1. Apply the Karplus curve 6.51 cos²θ - 1.76 cosθ + 1.60, θ = phi - 60°, to the phi angles in segment 92-98 and return the couplings in whole Hz, x for Gly and Pro.
2. Applying a 10 Å radius around every beta-carbon, put 143-152, 156-165 in order of their mean neighbour count, most first.
3. Where in segment 95-160 are there trypsin sites (Lys or Arg not before Pro) that are in a DSSP coil and have at most 15 other Cβ atoms within 10 angstrom of their Cβ?
4. Any idea what the alpha-carbon Rg over 2.2 N^0.38 Å comes to for segment 158-215?
5. Can you give the translational diffusion coefficient of segment 103-221 in µm²/s, computed by Stokes-Einstein from the Kirkwood radius over Cα pairs at 4 °C and 1.567 mPa s?
6. In what sequence, largest accessible area first, do MET212, MET86 appear using a 1.4 Å probe?
7. Bins of 10 Å, beginning at zero and ending with the bin holding the largest distance: percent of Cα pairs per bin for segment 93-153, please.
Amino acid sequence: MTDQRVNSPRTGATASVATPGARKASPAVYRRRRLVVFVGLLVLVLAVVLVGGLVWPGFMRAEATPQPVPTVTVTAPVPTPTVKAMDRSGDETAFQKALPSTVLQFALGSIAEAKEIREEQDALEAWTAEYSDGGSGEVTLQAGQWATSDEAAQAATAWIEAAGEAEREGDVKVGKKVVGQYAIMPAEDGRAVAVWQNGTAVMQATGPADTMEDFYAAFPL
């Protein structure tokens, strides 16, 4: 083996020839390497998304599809009277007490015996009640009670026929049980008549046409 050592021209000492080695990479090289790795990862992620869109129908549209907006139902508050109902501290029958002091925006102003209904239609008792909203809205209620539900049904039929042709009619129910019938008839001067039966009781309310169906529905008897 040949010895590669040579004598230095200055010192005469023997020196070794340096063997080429790996140099340390510069910062610019590191930055380029990181950029290459980042771009490679980005391409890989994009490829996965594209393949998923082809294999899974709707995958690409899942996020873009707008979600349905839930329907919000706004319920208007139940109207209440702005005037005070009459004092009812005196003696009343059980049926008379069952007639409410207020119905929606209407307050009871007076109540008196309806003798003609009791005498002419053989009712056990009958009453005429006046309700008012404190303004132009007034409702006249006639209410009677009979010994049996059949007699009450006959009275209700007679009251409906006397009021005219019904615009709306149907069953009166307490829970799921049918206890009678109701009917709404138009009247003069923008008014309407509502007649309904509840067991042995029959009521007839006459008032503003746009409130009579609500009046009947809100009446507790």
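1. In residue order, the calculated couplings are 9, 6, 4, 5, 5, 5, 6 Hz.
2. Those peptides, ordered most packed to least, come out 143-152, 156-165.
3. Those that pass, being in a loop and sparsely packed, number zero.
4. Ratio of Cα Rg to 2.2 N^0.38 Å: 1.09.
5. 91 µm²/s
6. Values: MET212 0, MET86 60 Å².
Descending accessible area places them as MET86, MET212.
7. Pair shares across the bins are 23, 47, 26, 5.
The values are calculated or read from the model by the stated rules, or taken from the named source; none is laboratory data. Since this is a predicted model, take the numbers as computed values, not measurements. Note that we place each Cβ from the backbone using ideal geometry, even for glycine, and neighbour counts take in every protein chain shown. Areas reflect the complete protein model, heavy atoms only, side chains present, ligands, DNA and RNA absent. Shrake-Rupley method; radii C 1.70, N 1.55, O 1.52, S 1.80 Å.
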